[in-house]
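Peer 1: The structure's right below; bear with me while I get my questions together.
Here, each number is a calculation from the coordinates, and none is a lab measurement. The structure displayed is predicted, hence computed values, not measured ones. Cβ: placed from backbone, ideal geometry, glycine included. Neighbour counts: every protein chain shown.
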Amino acid sequence: MREKMLFFQLMSNGAVNMIGLILFGLAVARLTPYMWVWVKKKKIVRVYEEKHRDFETLLCRHNPYFKSLARAGRERFLRRLLLFIELKKFEYIDLEPEEIMPVLVSAAAVQLTFGLENFLLDYFHTIYLLKDKYRYGVYNMPFEGHVSEEGIYLSWNHFIREYTDYSDGQNVGLHEMAHALTYVNFTVQRGRDNAFYHHFNDFSLVARPIFERMQTGEANVLDSYAATNYQEFWAVCIETFFERSNSFRRQLPELYFALCSLLNQDPLTPEKILISEPQA
């Protein structure tokens, strides 16, 4: 009898220990992403001191948005940039990697999300850089970039060329990052920015009628590709918002200011950000 009681006591203790281990495991699994980001942020402090001057020079040469920022804005941008690079994996296809590549591609994402609190596009762990246009799936036309559940894909030749001409409203980097931002917020909702998510409907109230008129043939400052579908309309809006800001504001002021409100920034102001968010 005593042996049975001892057996059941040991079993009970074992069950308690097992439950404790399970709960501990669940807690660790839940906290791991936050711990990982925390560790990365600590590393960024050191990397910032080592790299910020080199990266600042590089960005001033290649990214007009960054070049237009005041000192405080540049520091915020660089901190966000370094964290973004640290948390992403870059894969190079038929392309020799160079330090400039992850810096400039990450800068496109940081530029788009500069006024948002959640800027890391958390769902996407991998960014694929290809040398030139490429074929994808069953589509006949070659791609300059696309976004899928596997990652963000970009043609490096087109990316760097379109940042070099920063006035034509064509920018595959901003275009695909715009797709990635809506994918994160509405398709998977991993790393969702609550302000962006809740204000997108307000943007659409202004944008939808313009999109529908473009589908009937109306022309405006937006590239005609915007009439393809609403997702492409959104991405073309982003390209035009940054590259042809003055023309956009003049021709479609209501849409322009709806984008300012949605992204919490105005490219035509020195500070860019409209309402201060917690710094990265």
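Peer 1: Would you check which residues across segment 100-146 are of a type in the set (Asp, Glu) and under 11 Å from the mean Cα position of the chain (by Cα) and list them?
Peer 2: Of all residues in segment 100-146, those of a type in the set (Asp, Glu) come to 117, 122, 132, 144.
Answer for segment 100-146, where residues must be of a type in the set (Asp, Glu) and under 11 Å from the mean Cα position of the chain (by Cα): just 122.
Peer 1: How many of the residues in segment 226-276 are free of Cβ contacts under 8 Å to residues at least 60 places away in the same chain and in a helix (DSSP H, G or I)? Explain how you work it out, then say what you get.
Peer 2: Of segment 226-276, the ones free of Cβ contacts under 8 Å to residues at least 60 places away in the same chain are 226-234, 237, 241, 245-260, 266, 268-269, 276.
Adding the requirement that they be in a helix (DSSP H, G or I) leaves 226-227, 230-234, 237, 241, 245-251, 253-260.
Total satisfying the criteria: 24.
Peer 1: While we're on this one: Take segment 63-117 and flag every residue that is over 21 Å from residue 243 (Cα atoms) and hydroxyl-bearing (Ser, Thr, Tyr).
Peer 2: Residue satisfying the conditions is 92 alone.
Peer 1: Give the residue that is surrounded by the fewest Cβ atoms within 10 Å (Cβ to Cβ), with candidates limited to residues of segment 236-280 that are among the hydrophobic types (A, V, I, L, M, F, W, C), touching a Cys at 6+ places or on another chain (Cβ under 9 Å) and within 16 Å of residue 168 (Cα to Cα).
Peer 2: The qualifying residue surrounded by the fewest Cβ atoms within 10 Å (Cβ to Cβ) is 248.
Peer 1: Right, something else. Here's a check for you: in segment 146-203, which residue that is among the small types (Gly, Ala, Ser) and within 18 Å of residue 106 (Cβ to Cβ) is surrounded by the most Cβ atoms within 10 Å (Cβ to Cβ)?
Peer 2: 173
Peer 1: Return a yes/no flag: does segment 214-235 have any residue that is surrounded by fewer than 21 Cβ atoms within 10 Å (Cβ to Cβ), more than 26 Å from residue 64 (Cα to Cα), polar (S, T, N, Q) and touching a helix residue (DSSP H, G or I) at 6+ places or on another chain (Cβ under 7 Å).
Peer 2: yes
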